[in-house]
Each structure stands twice: as structure tokens, then as C-alpha cells.
Amino acid sequence: MNQYDGLFILNTAGKDENAPDLIEALKKEMETAGAVVKAVQKMDRKVLARPIRKVTAGYYVNFVFDAAPGVINALRPKLALNETILRVQFLKHEEPKAKEPAAA
């Protein structure tokens, strides 16, 4: 299993109180596909640099999860059908490397 970051931009239709329900539904969808969600980082509502489907702001959420590589390929078509998801990006999760002390 690999560890991934999944960044989602959600269309909450201007109602941020819908966000927790959407996030929970996404989490269940990912777990159903075989992912093990480790962390959910809610990054709040942000204005988009350019509109996506005539939407100018989105609610950003980052999921850190473990999954087999095939799970990502199975999730993409399902998530593409979800109208509340404006964008999705999956990246392999890498822990930040500790800085080496500067040589004197």
C-alpha cells in the first residue's frame, strides 16, 4: 500500500454548513473503494484563480490515506460523476525531510 494525498475542491453552493456532510460522504466513498483514511485537513473556503463551471469559490479539503495503486484508478471515474466536486488531485504523500545542519 502507498500513502497518498487527495486534494478536493468542493462546490458547497455558498453554504459552508454543507461541507461536513460532503466531506463525510467523500470519506465513505474512499473507504468503500478500499482506501484507509488517516487524516482529513479542512482548508476552508477559498476564492479560485479562475472560475470552474461558473463557480468562483470552493471549499478545499485534503485527505491523507493509504491505498493500493489500483484504488486511485477506481476512484477517479466515480468522483468525476459527483457534481459537488470541482477538482481532484492525487499525489503520493511524502513526509517532509529534516533539514541538515549548515556546515560552519
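Could you please find all residues in region 29-74 being among the β-branched types (Val, Ile, Thr) and outside any strand (DSSP E or B)? Scanning region 29-74 gives Thr32, Val71, Ile72.
Against the definition (in contact with a helix residue (DSSP H, G or I) (Cβ under 8 Å, 6 or more places away or on another chain), surrounded by 11 or more Cβ atoms within 10 Å (Cβ to Cβ) and farther than 17 Å from Gln3 by Cα), how does Arg45 come out, yes or no? Answer is yes for this residue. The condition (being small (Gly, Ala, Ser), in contact (Cβ under 8 Å) with a residue 24 or more places away in the chain and within 17 Å of His93 (Cα to Cα)) is satisfied by just one residue among Ala74, Ala33, Ala39: Ala39.
State which residue is surrounded by the fewest Cβ atoms within 10 Å (Cβ to Cβ) when the search covers only region 1-23 and only residues that are among the polar types (S, T, N, Q) and not in a helix (DSSP H, G or I). Looking at residues that are among the polar types (S, T, N, Q) and not in a helix (DSSP H, G or I), I get Asn2. Listed by first and then second residue, the pairs linking a residue in region 84-96 that is under 25 Å from Thr12 (Cβ atoms) to a residue that is of a type in the set (Lys, Arg) and surrounded by 10 or more Cβ atoms within 10 Å (Cβ to Cβ), with Cβ atoms under 9 Å apart and 6 or more places separating them unless they lie on different chains, are Val88/Arg76; Phe90/Arg76. It is to be established whether one or more residues within region 25-32 are aliphatic (A, V, I, L, M), surrounded by 14 or more Cβ atoms within 10 Å (Cβ to Cβ) and modelled with pLDDT of 90 or more. Yes, because at least one residue in region 25-32 is aliphatic (A, V, I, L, M), surrounded by 14 or more Cβ atoms within 10 Å (Cβ to Cβ) and modelled with pLDDT of 90 or more.
Report yes if Leu22 is in contact with a Leu (Cβ under 6 Å, 6 or more places away or on another chain) and on the phi < 0 side of the Ramachandran plot, otherwise no.
Values: in contact with a Leu (Cβ under 6 Å, 6 or more places away or on another chain): yes; on the phi < 0 side of the Ramachandran plot: yes.
In short, yes.
For residues that are over 13 Å from Thr12 (Cα atoms) and surrounded by fewer than 12 Cβ atoms within 10 Å (Cβ to Cβ), scanning just region 55-75, find the one that is modelled with the lowest pLDDT. Filtering region 55-75 for residues that are over 13 Å from Thr12 (Cα atoms) and surrounded by fewer than 12 Cβ atoms within 10 Å (Cβ to Cβ), the one modelled with the lowest pLDDT comes out as Pro69.
When you go through Leu86, Leu91, Leu79, Leu26 one by one, which is the residue that is touching a strand residue (DSSP E or B) at 6+ places or on another chain (Cβ under 6 Å), in a helix (DSSP H, G or I) and within 14 Å of Leu7 (Cβ to Cβ)? Give the derivation first.
Numbers: Leu86 fails: in a helix (DSSP H, G or I); Leu91 fails: in a helix (DSSP H, G or I); Leu26 fails: touching a strand residue (DSSP E or B) at 6+ places or on another chain (Cβ under 6 Å).
Of the residues listed, the single one that is touching a strand residue (DSSP E or B) at 6+ places or on another chain (Cβ under 6 Å), in a helix (DSSP H, G or I) and within 14 Å of Leu7 (Cβ to Cβ) is Leu79.
Candidates are the residues of region 48-76 that are closer than 19 Å to Gln3 by Cβ and not hydrophobic (A, V, I, L, M, F, W, C); the one that is nearest to the chain's Cα centre (by Cα) is Asn62.
The values are calculated or read from the model by the stated rules, or taken from the named source; none is laboratory data. Quick caveat, the model's predicted, so the values are computed rather than measured. FYI the Cβ positions are ideal-geometry reconstructions off the backbone, even for glycines, and counts take in every protein chain you see.
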